[in-house]
Amino acid sequence: MDIDVNEYRSVFLEETRELIDQFEKSLLELEKNPNNPSAIQSLFRAAHTIKGSSASLGFDSLAKFTHSLESLMDMVRNSKLALNQNIIDILFKGLDFIQEAVDDIEQGHNGDIDSSDLVDMIEKAKTSPSELSVSASSSKVDKSITRSLEELNDIETGIINEAFIKGLNVFVVKFSLSQGCQMKYPRAYMVLKSLEQLGEIFKTVPSVTDIEQEKFDLDLVYYIVTKSSEDEVKNVVQSIAEVEMVEVMPYESARTEQIQKASQEGIEKDEKGEIKVKADFKKSQTIRISVERLDNLMNLVGELVIDRTRLIKISEDVEEALSGSESVTSLAEVTTHMGRTINLLQDEILRTRMLPVSHIFERFPRLVRDLSHQLNKQIDFIVSGEETELDKSIIDEIGEPLVHLIRNSLDHGIEPPEERKAKGKPEKGKLKLSAKQEEGYVVIQIEDDGRGLNPDKIREKAKKRDIVSPNILDQMDDQALFELLFLPGFSTADKVSEVSGRGVGLDVVKSVVERLNGSVSLSSKLGEYTRFTLKFPLTLAIIQALLVKVGKEVYALPLNVVLETRFLEEEEVKSIQSQQVTLFRGEVLPVLRLADIFDTPGKEDFQDNFLVVVSTSDKNVVLSVSDLIGNSEVVIKPLGYIVNRVKGFFGATILGDGKVALIVDTVSLMSAVKEKNFIKVG
């Protein structure tokens, strides 16, 4: 039966990209620790799976190339080839080729990209005499089957040790094909694929490459790590046609070795001396679901949140009008219960949209590796908090800004080894990428231990650019000077760099972050460190807001930008050069009347009674409003195309009484205010 490629293309792409990520992660780990058994096994498994799925859908070029890559890793895995930097580099190039082929397939093609040069490199690496070990001879395997039970390399022994720690079974499966079998490789492959349904095959005798080329007689040995029992494994093998003399036995020598090792490490034992371990395997109860469907669910939950708010308002009005009625009491109880249920539903839907930041962080070890080689710098890249979760819509947007900040740190921040040594620093620089959750927000930090920023250099650059008046520049503290780096086109770099001097700038980084209702800040100490701190809300769909009245109109201010509210005292507000100002925590801040900014009808007929201190991209400002309604959870509804062009708002929400309130964007609001000269700049 022919397979409809288009029907399975999207599934293939999704699964293959996951395998590519797994391959890259394992390869980076293998480069750090060449003796890591899990890493080499993970690489082999990923390549093997990509080869099989590519071949099944007719992507022959990709399948053929991945087969070459797999055979190279099989030789390393079976100690027929010593792992060195040349092989690591070839594997990285192979990974890039697979990525390129998958991109081509995503465009509707078949991934037919020329790989001949890369295949030649692979073949040379496989046949290089200096890299082959004594065990590379192609002697017949039938005499070595029994001996192979003891001759496991360090990687394979590590896999066995890890399996026992997890409480899994390790079996040696010996079987023979019947005399006269005309399809030895297909039969051996069927056994292999059947056993892979039960667990992980980590060694074969002969090797996978020899099996594919039918370089064996009739006897084979497979090593498997599995949760299944001995009988279950045996039944699976016996079910394959033309298979005879099946023998399944536990790998007792490895188990004994593991018990001795466990006893040295103080692993808990029971009275009989058996290791007490718990398997960490859990049954996966997951399904794949499109993001579009999650977005639809989120929109529906948003409507429920709006209805909940309106229902609470209606219930309060009814209770006030018909106090004491039994029906009113029942209505209040139902309203309260419905509110709790909607809250739970909302939380669950929000959680389905949350992804660990590892989805984006996993891109960066390879980036750091390649750039450090390009720049001839030694980098210790430390990642933490990758399990921290963030809304998918935010994760999709923050990749490029983080890439720019990392490039910036590697290129301009961390010094070359000789410069670091002269300064008394370790030759290897440190670059830290971290994430953590703080009170409804996710904080991502990128910090290097490099040169740091020179405030005097920033001040001189700003004077040359005539960005701010010299008098004000001379009065600026270091932190205020650092903020100038986020202005469009401003840089302290003496020359353009191919690594970080083109493309996304710090101004664009800030623009993207603030468009996501986030914030970015910079701190640095000359000669010691530079740290970028990005702060994002957990989700963009529903936010906490402060509702304020401006005349008869209601507006919503995102709570994350509200620093303080206070009653307006006449003596607090002064006028300096036609600009109203007030003192806030020792800082003189401009006071802006929202009624004037929004040109509210009848603005001359009402007074403002409250001040709201808010943060913006440049500085803090004070907004004067008629009244404070209070905090509320609001659902963000996008504005239409025409309204969206008006600066000062990023959405709207529906209130409990059914009226619409615009959600204020303080960043774009300040931009509009400056254009209209509501506030003095500089």
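The values are calculated or read from the model by the stated rules, or taken from the named source; none is laboratory data. Since this is a predicted model, take the numbers as computed values, not measurements. Quick reminder, even Gly has a Cβ in these numbers, built from the backbone with ideal geometry, and neighbours come from all protein chains shown.
I need the full set of residues from the stretch 447-491 which are of a type in the set (Val, Ile, Thr) and free of Cβ contacts under 8 Å to residues at least 60 places away in the same chain, in order please. Steps first, answer last, please.
First, the residues of the stretch 447-491 that are of a type in the set (Val, Ile, Thr): 458, 467-468, 472.
Hits for the stretch 447-491 are Ile458, Ile467.
Give the residues of the stretch 93-129 that are in a helix (DSSP H, G or I) and of a type in the set (Val, Ile, Thr), sorted by residue number. Lay out the reasoning, then the answer.
We begin by selecting, within the stretch 93-129, every residue in a helix (DSSP H, G or I); these are 93-106, 116-127, 129.
Result: Ile98, Val102, Ile105, Val119, Ile122, Thr127.
I'm checking my understanding of the structure. Among residues of the stretch 76-92 that are outside any helix (DSSP H, G or I) and polar (S, T, N, Q), which one is surrounded by the fewest Cβ atoms within 10 Å (Cβ to Cβ)? Spell out the reasoning first.
Initially, the stretch 76-92 is screened for residues outside any helix (DSSP H, G or I), giving 78-84.
Now narrow it down to the ones that are polar (S, T, N, Q): 78-79, 84.
Working: Asn78: 23, Ser79: 18, Asn84: 15.
The selected residue is Asn84.
Can you say whether Lys25 is under 16 Å from Gln99 (Cα atoms), at pLDDT 85 or above and surrounded by 17 or more Cβ atoms within 10 Å (Cβ to Cβ), as far as the supplied structure shows?
Working: under 16 Å from Gln99 (Cα atoms): yes; at pLDDT 85 or above: yes; surrounded by 17 or more Cβ atoms within 10 Å (Cβ to Cβ): yes.
Judged against the criteria, Lys25 is a match.
Among the residues of the stretch 398-420, is there at least one that is in contact with a Pro (Cβ under 7 Å, 6 or more places away or on another chain), surrounded by fewer than 18 Cβ atoms within 10 Å (Cβ to Cβ) and not β-branched (Val, Ile, Thr)? Walk me through it before giving the result.
Quick first cut of the stretch 398-420, residues in contact with a Pro (Cβ under 7 Å, 6 or more places away or on another chain) only: 420.
Then drop every residue that is not surrounded by fewer than 18 Cβ atoms within 10 Å (Cβ to Cβ), which leaves none.
For the stretch 398-420, residues in contact with a Pro (Cβ under 7 Å, 6 or more places away or on another chain), surrounded by fewer than 18 Cβ atoms within 10 Å (Cβ to Cβ) and not β-branched (Val, Ile, Thr): absent.
Going through Asp618, Asp608, Asp665 one at a time, which residue ends up being modelled with pLDDT under 80 and of a type in the set (Asp, Glu)?
Numbers: Asp608 fails: modelled with pLDDT under 80; Asp665 fails: modelled with pLDDT under 80.
When all the criteria are applied, what remains is Asp618.
Going by the structure shown, is Arg293 within 17 Å of the chain's Cα centre (by Cα) and of a type in the set (Lys, Arg)?
Values: within 17 Å of the chain's Cα centre (by Cα): no; of a type in the set (Lys, Arg): yes.
Answer is no for this residue.
Read through the list (1) in contact with a Pro (Cβ under 7 Å, 6 or more places away or on another chain); (2) closer than 30 Å to Glu389 by Cα, then give the number of the only condition that Val581 fails.
So Val581 meets the others, but not (2).
Filtering the stretch 407-435 down to residues that are charged (D, E, K, R) and under 28 Å from the mean Cα position of the chain (by Cα), which residue is farthest from Gly385 (Cα to Cα)? Give the derivation first.
Just the residues of the stretch 407-435 that are charged (D, E, K, R), to begin with: 407, 411, 415, 418-421, 423, 425, 427-428, 430, 432.
Okay, now just the ones that are also under 28 Å from the mean Cα position of the chain (by Cα), so 407, 411, 415, 428, 430, 432.
Numbers: Arg407: 20, Asp411: 24, Glu415: 26, Lys428: 23, Lys430: 17, Lys432: 11 Å.
Top of the filtered list is Glu415.
Residue-wise test of (1) surrounded by fewer than 19 Cβ atoms within 10 Å (Cβ to Cβ); (2) without any contact (Cβ under 8 Å) to a residue 60 or more places away in the chain.
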position: Leu557; (1), (2): no, no
position: Leu568; (1), (2): yes, yes
position: Thr582; (1), (2): no, yes
position: Glu587; (1), (2): yes, yes
position: Arg593; (1), (2): yes, yes
position: Phe606; (1), (2): yes, yes
position: Val612; (1), (2): no, no
position: Ser615; (1), (2): yes, no
position: Ser632; (1), (2): yes, no
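Assess whether Ser434 counts as being at pLDDT 90 or above and assigned by TED's automatic domain parsing to the domain that holds Glu362.
Details: at pLDDT 90 or above: yes; assigned by TED's automatic domain parsing to the domain that holds Glu362: yes.
Yes, satisfied.
Exactly one condition in (1) closer than 30 Å to Glu348 by Cβ; (2) over 40 Å from the mean Cα position of the chain (by Cα) is not met by Thr539; state its number.
Just one mismatch for Thr539, condition (2).
Just to be sure before I move on: is Ile259 surrounded by fewer than 19 Cβ atoms within 10 Å (Cβ to Cβ) and either modelled with pLDDT of 90 or more or in contact with a Lys or Arg (Cβ under 9 Å, 6 or more places away or on another chain) (or both) in the structure I sent? Step through it out loud before you land on a result.
Values: surrounded by fewer than 19 Cβ atoms within 10 Å (Cβ to Cβ): yes; either modelled with pLDDT of 90 or more or in contact with a Lys or Arg (Cβ under 9 Å, 6 or more places away or on another chain) (or both): yes.
Criteria met by Ile259.
Return the residues of the stretch 102-111 that are surrounded by 16 or more Cβ atoms within 10 Å (Cβ to Cβ) and within 23 Å of the chain's Cα centre (by Cα); say none if nothing qualifies.
Val102
Select from the stretch 372-396 the residues that are at pLDDT below 90 and charged (D, E, K, R) and write down the one among them that is farthest from Leu28 (Cα to Cα).
Among those residues, the one meeting the criterion is Asp391.
Would the stretch 448-463 turn up any residue that is in contact with a helix residue (DSSP H, G or I) (Cβ under 8 Å, 6 or more places away or on another chain), crowded, with 16+ Cβ neighbours inside 10 Å, within 25 Å of Ile360 (Cβ to Cβ) and not β-branched (Val, Ile, Thr)?
Yes.
Would you please name the residue that is surrounded by the fewest Cβ atoms within 10 Å (Cβ to Cβ), looking only at residues in the stretch 544-553 that are out of contact with any Pro (no Cβ under 6 Å at 6 or more places or on another chain) and over 11 Å from Ala595 (Cα atoms)? Walk me through it before giving the result.
Of the stretch 544-553, the ones out of contact with any Pro (no Cβ under 6 Å at 6 or more places or on another chain) are 544, 546-553.
Keeping just the survivors that are over 11 Å from Ala595 (Cα atoms) gives 544, 546-548.
On the way: Gln544: 15, Leu546: 22, Leu547: 19, Val548: 25.
Looking at residues that are out of contact with any Pro (no Cβ under 6 Å at 6 or more places or on another chain) and over 11 Å from Ala595 (Cα atoms), I get Gln544.
Please verify whether the stretch 551-573 includes one or more residues that are in a strand (DSSP E or B) and either more than 43 Å from the chain's Cα centre (by Cα) or in the same structural domain as Glu438 (by TED's automatic domain parsing) (or both). I'd like the intermediate steps shown before the answer.
Filtering the stretch 551-573 down to residues in a strand (DSSP E or B) leaves 553-558, 562-567.
Remaining after also requiring either more than 43 Å from the chain's Cα centre (by Cα) or in the same structural domain as Glu438 (by TED's automatic domain parsing) (or both): 567.
Among the residues of the stretch 551-573, at least one is in a strand (DSSP E or B) and either more than 43 Å from the chain's Cα centre (by Cα) or in the same structural domain as Glu438 (by TED's automatic domain parsing) (or both), which makes the answer yes.
State all residues of the stretch 168-220 that are more than 19 Å from Phe44 (Cβ to Cβ) and of a type in the set (Gly, Ala, Ser); if no residue qualifies, say none.
Hits for the stretch 168-220 are Ser176, Ser178, Gly180.
Among the listed residues Val208, Val225, Val233, Val248, identify the single one that is out of contact with any Asp or Glu (no Cβ under 7 Å at 6 or more places or on another chain) and touching a residue at least 24 places away in the same chain (Cβ under 8 Å). Step through it out loud before you land on a result.
Working: Val208 fails: out of contact with any Asp or Glu (no Cβ under 7 Å at 6 or more places or on another chain); Val225 fails: out of contact with any Asp or Glu (no Cβ under 7 Å at 6 or more places or on another chain); Val248 fails: out of contact with any Asp or Glu (no Cβ under 7 Å at 6 or more places or on another chain).
After ruling out the rest, the residue left standing is Val233.
Of everything in the stretch 380-392 that's out of contact with any Lys or Arg (no Cβ under 7 Å at 6 or more places or on another chain) and buried (at least 17 other Cβ atoms within 10 Å of the Cβ), which residue is farthest from Arg353 (Cα to Cα)?
Restricting attention to the stretch 380-392, the residues satisfying the condition of being out of contact with any Lys or Arg (no Cβ under 7 Å at 6 or more places or on another chain) are 381, 383-384, 386-387, 389-390.
Next, from what is left, pick out any that are buried (at least 17 other Cβ atoms within 10 Å of the Cβ): 381, 383, 389-390.
Values: Phe381: 29, Val383: 23, Glu389: 9, Leu390: 8 Å.
Going through the qualifying residues, I end up with Phe381.
Grab the strands (runs of 3 or more DSSP E) fully contained in the stretch 584-625, keeping just those with 1 or more residues being of a type in the set (Lys, Arg). Walk me through how you get there before you give the answer.
Values: elements: 587-593, 610-615, 620-625.
Ranges flagged: 587-593.
Given the criteria out of contact with any Pro (no Cβ under 8 Å at 6 or more places or on another chain), at pLDDT 90 or above and more than 19 Å from Ser519 (Cα to Cα), does Arg459 qualify? Walk me through it before giving the result.
Details: out of contact with any Pro (no Cβ under 8 Å at 6 or more places or on another chain): yes; at pLDDT 90 or above: no; more than 19 Å from Ser519 (Cα to Cα): yes.
Judged against the criteria, Arg459 is not a match.
Restricting to the stretch 160-172, count the residues that are in a helix (DSSP H, G or I) and crowded, with 21+ Cβ neighbours inside 10 Å. Write out each step before concluding.
The first filter runs over the stretch 160-172 and keeps only residues in a helix (DSSP H, G or I), leaving 160-165.
Imposing the further condition that a residue be crowded, with 21+ Cβ neighbours inside 10 Å reduces the set to 160, 163-164.
So the count comes out to 3.
Being at pLDDT 85 or above, of a type outside the set (A, V, I, L, M, F, W, C), surrounded by 12 or more Cβ atoms within 10 Å (Cβ to Cβ) and not assigned by TED's automatic domain parsing to the domain that holds Phe92: is that true of Gln346 here? I'd like the intermediate steps shown before the answer.
Numbers: at pLDDT 85 or above: no; of a type outside the set (A, V, I, L, M, F, W, C): yes; surrounded by 12 or more Cβ atoms within 10 Å (Cβ to Cβ): yes; not assigned by TED's automatic domain parsing to the domain that holds Phe92: yes.
No.
Out of the stretch 63-103, which residues are more than 18 Å from Ser207 (Cα to Cα) and either among the aliphatic types (A, V, I, L, M) or not assigned by TED's automatic domain parsing to the domain that holds Asp120 (or both)?
Ala63, Ile87, Ile88, Ile90, Leu91, Leu95, Ile98, Ala101, Val102
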